[in-house]
1. Do we find a residue being at negative phi, buried (at least 16 other Cβ atoms within 10 Å of the Cβ) and touching a Leu at 6+ places or on another chain (Cβ under 8 Å) anywhere in region 176-194?
2. Could you list, in sequence order, all residues of region 153-168 that are of a type outside the set (Asp, Glu), in a helix (DSSP H, G or I) and over 18 Å from the mean Cα position of the chain (by Cα)?
3. Name every residue in region 247-269 that is in a helix (DSSP H, G or I) and in contact (Cβ under 8 Å) with a residue 12 or more places away in the chain, in order of residue number.
4. Looking only at region 120-152, which residues are surrounded by fewer than 20 Cβ atoms within 10 Å (Cβ to Cβ) and not in a helix (DSSP H, G or I)?
5. Taking the residues in region 256-278 that are farther than 13 Å from residue 70 by Cβ and in contact with a helix residue (DSSP H, G or I) (Cβ under 8 Å, 6 or more places away or on another chain) as candidates, determine which candidate is modelled with the lowest pLDDT.
6. Consider residue 243 carefully, then state whether it is loosely packed, with under 15 Cβ neighbours inside 10 Å and either hydrophobic (A, V, I, L, M, F, W, C) or over 30 Å from residue 61 (Cβ atoms) (or both).
7. Conditions: (1) modelled with pLDDT of 75 or more; (2) over 19 Å from residue 47 (Cβ atoms). Residue 163 meets all but one. Number of the miss?
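The values are calculated or read from the model by the stated rules, or taken from the named source; none is laboratory data. Model, not experiment: these values are computed from the prediction. All Cβ positions, even for glycine, are placed from backbone atoms using ideal geometry, and neighbour counts span all protein chains on display.
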Amino acid sequence: MTNMMKKLSENIFDKLSMDFLRNQVLKNAYGNDDTVIAKLDPRILLVWYLFFGLVPWFSNNIIFLGGCFLLVAVTTILAKVAGLVLFLFLVGVFSQTGYLFLVSLFFGGNAETIIPLLVLTLKVATVSLASITVFSGLDPDRLSNGLMWFGCPERLSFSISYAYRILPMLMEEFQNVLLSYRLRGKAPESNGFIGKIKYLVYQIQVIIHSFYPLMLNTAKRSRTTVEALEMRGYRYAATNKEVKKMKLSALKITYDDLLFLAVSFLWMAIVAVVMSYM
């Protein structure tokens, strides 16, 4: 038993490296181009997200919320979301609702508190999974084009797209800053369970110290990018209707898009019928 726990702790701490975290983040942002969700039209995905991101907040019916949760859970699986994102999702849901149940029991609550907390948990989980599904399946260009088609200001859509595009550069700069700190410092030994704990604490301290130089270096690179865009006529292209029309001409609703909406509508119709008989 002791050897098993030791091996488990070593596997966990070995995976908690910056390379692993970087790969997981980049995979979730850029590595899902071959999934079913990624092949859908961005306009369809945004409309779908508006429903599952807003409607659950206005309902307290457990059957309806459970049906929404099951559907978005399936779409999350189809989107092939990175494991790190799903882990953070589980931690976030528990931190939002799980501790409330423990606190209610501590202050004299009973089993009746499970129902309202379950409703809140389903709402948070449904909206979170819908967000994960959509933004894991949309690359920067498709997301920007979808927002622009709905009349979103071009600068806002470009800002969102640029935030996606700057992610690899941000991770690379973060890696460089961490390497510079490692060269100038001495990491503790990572032998044994206690050693791995000390090494993990050391990594967290380095990450905190790296925040300011990371922001400074990223700001310098962002300024260079903005100047390059200005030299290439970004402001003129942003206001030219012909350029906008050419950019949005690639958006096409296909049979798969209609099938996706039909399956979602059919599932919610079944949920509504079940609600009427309960």
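1. Yes: region 176-194 contains one or more residues that are at negative phi, buried (at least 16 other Cβ atoms within 10 Å of the Cβ) and touching a Leu at 6+ places or on another chain (Cβ under 8 Å).
2. Taking region 153-168 and keeping what is of a type outside the set (Asp, Glu), we get 153, 155-168.
Still in the list and also in a helix (DSSP H, G or I): 155-168.
Answer for region 153-168, where residues must be of a type outside the set (Asp, Glu), in a helix (DSSP H, G or I) and over 18 Å from the mean Cα position of the chain (by Cα): 155, 156, 158.
3. We begin by selecting, within region 247-269, every residue in a helix (DSSP H, G or I); these are 247-248, 255-269.
247, 248, 256, 257, 260, 261, 264, 267, 268 - these are the residues of region 247-269 that are in a helix (DSSP H, G or I) and in contact (Cβ under 8 Å) with a residue 12 or more places away in the chain.
4. 139, 150, 151, 152
5. We begin by selecting, within region 256-278, every residue farther than 13 Å from residue 70 by Cβ; these are 256-262, 265-266, 269, 272-273, 275-278.
Retained after the next criterion (residues that are in contact with a helix residue (DSSP H, G or I) (Cβ under 8 Å, 6 or more places away or on another chain)): 257, 260-261, 272, 275, 278.
Numbers: 257: 89, 260: 92, 261: 91, 272: 88, 275: 83, 278: 71.
Of everything passing the filter in region 256-278, 278 is modelled with the lowest pLDDT.
6. Values: loosely packed, with under 15 Cβ neighbours inside 10 Å: yes; either hydrophobic (A, V, I, L, M, F, W, C) or over 30 Å from residue 61 (Cβ atoms) (or both): yes.
Answer is yes for this residue.
7. (1)
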